[in-house]
Amino acid sequence: MIVMQKRFLMVNIFLLLFCLIFAINISAVELYINTNPIDSKVFIDGILVGESPIRIKIKEKRSIQIDIVKDGYKKLVKTITLADKGIINLHYDLTPDKIELIFRDKGKIINICGMPIGETPAILYNVPNGMYEIVKNDNSYEINPAGYKYAIRSTVVESIYSGGMLSLLLLGMNDTQKSGDKVGTAVTGFGSVIMSTILGYDILKLFKIIITRERARNEIKTIKYKPYKKKDDRVLFTQGVSLLGQKNYNQAIGKFSLLTKLYSDSQYVPISYYELGLAYYNLKNYRAASDVLYEFLNKYPV
């Protein structure tokens, strides 16, 4: 009897140790990766593991590199440090390569880099993602790449200062040579070399800024212009509902968002807020869904 109890105890101990060792071996980190938009390709350490949203288990790694790729959006690269075990929820919003600009005013000319492309109200699409200077005047909108005016102005000032200092040093070196002051000639000569180097750098910097500005100006000249009409609100709503029914939530969000922003007085706006919140909810983006609900209650209090 005692022998049987000992054997039973040994078997239990063996099973317990086996379970512990097995549990240690299979302990892993579980990653849940979601993106906006969904159906983005997810790479782990350069290997395609699927499309978002995706749930994967990772063993025996302390850190990984996540690459998320989607046509029409900028590639996202993240390095994640993992714990020993547990669940990690990750959500990433991708940045689109192109954006849309909406102008609701009436009868204003839209100028891009000084070139008129049409009148408001209008939608500008195929807009490269970047920084723009948009100036609203009495009769027009002026759109230009942002930041280049200040950069060019400051670089020109620096170049003038460097050129002035170089001129003074050259004059000083000429005077010291005439007077036979070798020490003064050496000092002014060394200073001239330094200032000429700085002036050359400023000139190269100025050319680089000008070239970059011209490249940016050429990029935004690819912007497409489209006037919009009042009857388009129904078309947008119908397209949004159709996309929602096809579970194409990201494109549906684009249609409903455009409708609520562009046609604020449309009869389809209240129901569009509901559809917009529903699309975000189905994407499990609960924060965006609650923001839409909050905006709806502010505009249409019960």
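The values are calculated or read from the model by the stated rules, or taken from the named source; none is laboratory data. Keep in mind it's a predicted model, so treat the numbers as computed, not measured. No Cβ is skipped: glycine too gets one built from the backbone with ideal geometry, and neighbour counts run over all protein chains shown.
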Verdict on Y141 being of a type outside the set (S, T, N, Q) and either touching a residue at least 40 places away in the same chain (Cβ under 8 Å) or assigned by TED's automatic domain parsing to the domain that holds I220 (or both): yes
Given (1) exposed (fewer than 12 other Cβ atoms within 10 Å of the Cβ); (2) in a helix (DSSP H, G or I), number of the condition L206 does not satisfy: (1)
Yes/no for I152 being in a helix (DSSP H, G or I), surrounded by 14 or more Cβ atoms within 10 Å (Cβ to Cβ) and in contact (Cβ under 8 Å) with a residue 40 or more places away in the chain: yes
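Quick grid of which residues meet (1) farther than 30 Å from G164 by Cβ; (2) acidic (D, E); (3) touching a helix residue (DSSP H, G or I) at 6+ places or on another chain (Cβ under 6 Å):
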site: G184; (1), (2), (3): no, no, yes
site: F207; (1), (2), (3): no, no, no
site: T212; (1), (2), (3): no, no, no
site: E219; (1), (2), (3): yes, yes, no
site: I223; (1), (2), (3): yes, no, no
site: T260; (1), (2), (3): yes, no, yes
site: Y268; (1), (2), (3): yes, no, yes
Within region 54-72, tally of residues that are modelled with pLDDT of 85 or more, closer than 15 Å to D39 by Cβ and not charged (D, E, K, R): 3
Region 84-112, residues that are assigned to a loop (DSSP other than H, G, I, E, B), over 16 Å from the mean Cα position of the chain (by Cα) and surrounded by fewer than 16 Cβ atoms within 10 Å (Cβ to Cβ): D84, K85, R104, D105, K106, G107
Single residue of S196, S167 found to be part of a helix (DSSP H, G or I), touching a Leu at 6+ places or on another chain (Cβ under 8 Å) and either more than 30 Å from Q267 (Cβ to Cβ) or among the small types (G, A, S) (or both): S196
Qualifying positions in region 119-145 - more than 21 Å from Y263 (Cβ to Cβ), part of a strand (DSSP E or B) and among the hydrophobic types (A, V, I, L, M, F, W, C): I134, V135, I143
Some residue of region 120-133 being modelled with pLDDT of 85 or more, surrounded by fewer than 16 Cβ atoms within 10 Å (Cβ to Cβ) and not charged (D, E, K, R): no
